[in-house]
Amino acid sequence: MQLQHRTILITGGTSGIGFELARQLLARHNTVIVTGRDQERIAVALQRLSGLHGIVCDVTDPAAIAALHAEVTKRFPNLDVLVNNAGIMRNLDLTRERPLIDVTREVDVNLRGPLQMVQQFLPLLRMREQSAIINVTSGLAFVPLAISPVYSAAKAALHAYTRVLRVQLARSGVQVFELAPPAVETPLLRAEFEAEMKGNQGMHVEALVRYAIAKIEQGQEEIRPGLANVLQAMSRIAPQFMFRQMTRMMKPGKA
């Protein structure tokens, strides 16, 4: 699938991986729409990238997704690529008391959001001769990280869902891709895991996105850059060993 002259919707596209996807895809002569929960952050993104379109949408809100669908259908009826990128990742100590609704926030954003986005936009995507769904998961879908338990669980579930979605859409014109990044140098990583990184660097976001676009165009359905590929391999060869190694590296200790 060539990612040129497409109409592409990216959730969570105002920063990090989503914003870099928007930047590189715009440079390839695509029409790109990003979503985010904050109008001010969308405005900043539009100022930084000439030609970018932005729509406020909270992917945890079904009514907001329906409103987004109505606006996209009206303004961008040729939509042919959906990128489910919106996500949050927290350093979470499950032994601390917290409201029940708080403990599942990552499930709401990282899992429920993409599932509902796909369900809402699939009829529109199926109207196109060739279209694509790209779900952004994580290397932690293969081996969980003890300090990010709910994030790891949500991404593992999204990985499983993506595999099944691919099978169910195999005879349609909709291709299903999964991008499972390793740790990436983004504001999210540094805000939540600065101490645990111990001076180590994640993958540069520009390199990640270049790699992902190239692999999508080559038709690779499951894209695992860098350490994410190691985690996937080790989850099959020595899952307990890899889990113990990652647990030693980072121990729970934050909110």
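Some notes on this structure:
- Subset of segment 137-154 [within 15 Å of the chain's Cα centre (by Cα) and without any contact (Cβ under 8 Å) to a residue 60 or more places away in the chain]: 137, 141, 152, 153, 154
- Helices (runs of 4 or more DSSP H) within segment 9-105 that include 2 or more residues touching a strand residue (DSSP E or B) at 6+ places or on another chain (Cβ under 9 Å): 16-26, 39-48, 62-75
For every residue, the table says whether it meets (1) under 20 Å from the mean Cα position of the chain (by Cα); (2) touching a residue at least 24 places away in the same chain (Cβ under 8 Å); (3) under 30 Å from residue 4 (Cβ atoms).
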{"position": "63", "(1), (2), (3)": "no, no, no"}
{"position": "74", "(1), (2), (3)": "no, no, yes"}
{"position": "79", "(1), (2), (3)": "yes, yes, yes"}
{"position": "106", "(1), (2), (3)": "yes, yes, no"}
{"position": "110", "(1), (2), (3)": "yes, yes, yes"}
{"position": "117", "(1), (2), (3)": "yes, yes, yes"}
{"position": "131", "(1), (2), (3)": "yes, yes, yes"}
{"position": "134", "(1), (2), (3)": "yes, yes, yes"}
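- Taking the listed residues 180, 146, the one that is surrounded by fewer than 22 Cβ atoms within 10 Å (Cβ to Cβ) and closer than 22 Å to residue 231 by Cβ is 146, with no other qualifying.
- Exactly one residue out of 169, 94, 115, 111 is open to solvent by less than 30 Å² (accessible area, probe 1.4 Å) and among the aliphatic types (A, V, I, L, M): that is 169.
- The residues of segment 24-70 that are of a type outside the set (Gly, Ala, Ser), under 21 Å from residue 109 (Cα atoms) and open to solvent by 20 Å² or more (accessible area, probe 1.4 Å), listed by number, are 37, 38, 39, 40, 41, 56, 58, 60, 61, 62, 69.
- Looking at segment 136-236, the helices (runs of 4 or more DSSP H) lying wholly inside it that each contain 3 or more residues that are modelled with pLDDT under 90 sit at 187-197.
- Lone unmet requirement of (1) farther than 25 Å from residue 233 by Cα; (2) buried (at least 22 other Cβ atoms within 10 Å of the Cβ); (3) among the charged types (D, E, K, R) for residue 128: (2)
- Filter pass, residue 241 being among the hydrophobic types (A, V, I, L, M, F, W, C), open to solvent by 60 Å² or more (accessible area, probe 1.4 Å) and either at pLDDT 75 or above or within 18 Å of residue 16 (Cα to Cα) (or both): yes
- Boolean, residue 47 is under 20 Å from the mean Cα position of the chain (by Cα), farther than 23 Å from residue 162 by Cα and among the polar types (S, T, N, Q): no
The values are calculated or read from the model by the stated rules, or taken from the named source; none is laboratory data. In this text the structure is predicted, and so the values were computed from the model without any measurement. Backbone-built Cβ (ideal geometry, glycine too); neighbour counts: all protein chains shown. Please note that ligands, DNA and RNA were not included when accessible areas were found on the heavy atoms of the full protein model with its side chains. Shrake-Rupley method; radii C 1.70, N 1.55, O 1.52, S 1.80 Å.
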